[in-house]
1. Being under 18 Å from the mean Cα position of the chain (by Cα) and either more than 16 Å from the ligand (Cβ to nearest atom) or without any contact (Cβ under 8 Å) to a residue 12 or more places away in the chain (or both) is true for just one of 279, 234. Which residue is that?
2. Can we say residue 116 is more than 24 Å from residue 223 (Cβ to Cβ), at pLDDT 95 or above and either surrounded by fewer than 24 Cβ atoms within 10 Å (Cβ to Cβ) or acidic (Asp, Glu) (or both)?
3. Out of the residues in the stretch 27-42 that are loosely packed, with under 15 Cβ neighbours inside 10 Å and of a type in the set (D, E, K, R), which is modelled with the highest pLDDT?
4. Only one residue in 216, 139, 193 is surrounded by fewer than 16 Cβ atoms within 10 Å (Cβ to Cβ) and within 20 Å of residue 77 (Cβ to Cβ). Which one?
5. Could you tell me which numbered condition residue 108 fails, if it satisfies all but one of (1) more than 16 Å from the ligand (Cβ to nearest atom); (2) assigned to a loop (DSSP other than H, G, I, E, B); (3) at negative phi?
6. Output the residues belonging to the stretch 67-95 that are among the aliphatic types (A, V, I, L, M) and either surrounded by fewer than 18 Cβ atoms within 10 Å (Cβ to Cβ) or farther than 16 Å from residue 230 by Cβ (or both).
7. Looking at (1) surrounded by fewer than 16 Cβ atoms within 10 Å (Cβ to Cβ); (2) assigned to a loop (DSSP other than H, G, I, E, B); (3) under 24 Å from the mean Cα position of the chain (by Cα), which is the one condition that is false for residue 64?
8. Could you list, in sequence order, all residues of the stretch 3-24 that are closer than 19 Å to residue 107 by Cβ and of a type outside the set (Lys, Arg)?
Amino acid sequence: MKAKEWISDLRVYEPGKPIEEVARELGFDDIAAIVKVASNENELGPSPLAIEAMQEAIPEMHRYPDGGAFYLKRKLAEKIDVDPGQLLFGCGSNELIVFLCHVFLGQGTNLIMGAEAFAVYFLAAALYEGEAIRVPMPEHVHDLDAMLAAITPETRLVAICNPNNPTGTVVSKEAIDRFIERLPDHVVAIFDEAYFEVMPEEMKPNVLKHIRAGKENIIVLRTFSKAYGLAGLRIGYAIGHPDLIALLNKVRQPFNVNAMAQAGAMAALDDVPHIVETREMVFQGLEFFERELPKLGIETVPSGANFILVKTGSGREVFQELQKRKVIVRPMDPYGLPDYIRITIGTPSQNQTMLDALKEVMG
Ligand SMILES: Cc1ncc(COP(=O)(O)O)c(C=O)c1O
């Protein structure tokens, strides 16, 4: 076999273990007692309307999906006030990140990202031999001026996760407007807004206004995995100029978004009460941890997302100790943050279990 070296040298993304496997390894028989707050999922579950729509869709599963996601595109376009031609769906927003790297990166080119930003950008760039340039993040926040300054003639993409995963930090609207004004034409800026729907209103960016005004080299990514509670369906979307969307569409496989995902997402868009309830759960949970953790001497990083980065000292050890107490979080050493863990905001009772376990571990 003679694989491309840059593929055989790749380090594979390590997802968390299935909850059943953790339970088996630790000898727990009651899976329901495990609190898994490791993947920034919605602990309220999927929208009830989405569940109903998916159940109704089952008898049609012998059919291929609508490859153009016609109805979903039309519905979403109306909801966010863009044209259907400005939208593209992916198998999760992860697939759209891969499309962007596929279209824009190759040997001798680079992608600029935050040093503590979502690892998939780095991995997807490597798939296409692109170099990922990681720009330091003072106070864990993307430094947009430094990212602009890092741009070279070889730069093709700049990725800004807002809020960022795993830090939860948000960049200001003013910083974004200044950045977009100064962005060179040869670079596409990706604004990854995976957590947009759970952000406090005053923090929400307005990148769409630039896209509606016809800006060609910026793109927004969003997902149904987080606030909508549909991570298992794998569906996300890109919003951009029709020419940029048309380019990305060239590398898309015809049936990349399955029919169940389209049915669930369509219904979830209508479920406003589910989003409202989710937002309330997240705001209340963030407040809880921001109030309680400092009492244990644990620092928290201000978050605009459905998770919080907390400084426990030796994140890996704390993760292991918490796991023994049936609580699963994410240690942050892979992100160069060995003293931190990331906790997804859960229901009030999950949050309390989490806090009690942490008290024991840290005590
Ligand atoms: C910043 C960010 N972008 C993109 C994703 C990918 O989401 P999905 O592929 O589930 O849409 C995530 C998921 O954790 C994320 O945190």
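1. 279
2. no
3. By that ranking, first place goes to 30.
4. 216
5. Of the numbered conditions (1) more than 16 Å from the ligand (Cβ to nearest atom); (2) assigned to a loop (DSSP other than H, G, I, E, B); (3) at negative phi, the odd one out for residue 108 is (3).
6. Result: 77, 80, 82, 87, 88.
7. Every condition holds for residue 64 apart from (3).
8. If the condition is that a residue be closer than 19 Å to residue 107 by Cβ and of a type outside the set (Lys, Arg), then 3, 5, 6, 7, 8, 9, 10 are the ones that fit.
The values are calculated or read from the model by the stated rules, or taken from the named source; none is laboratory data. On a predicted model such as this, the values are computed, not experimentally measured, just so you know. Cβ: placed from backbone, ideal geometry, glycine included. Neighbour counts: every protein chain shown.
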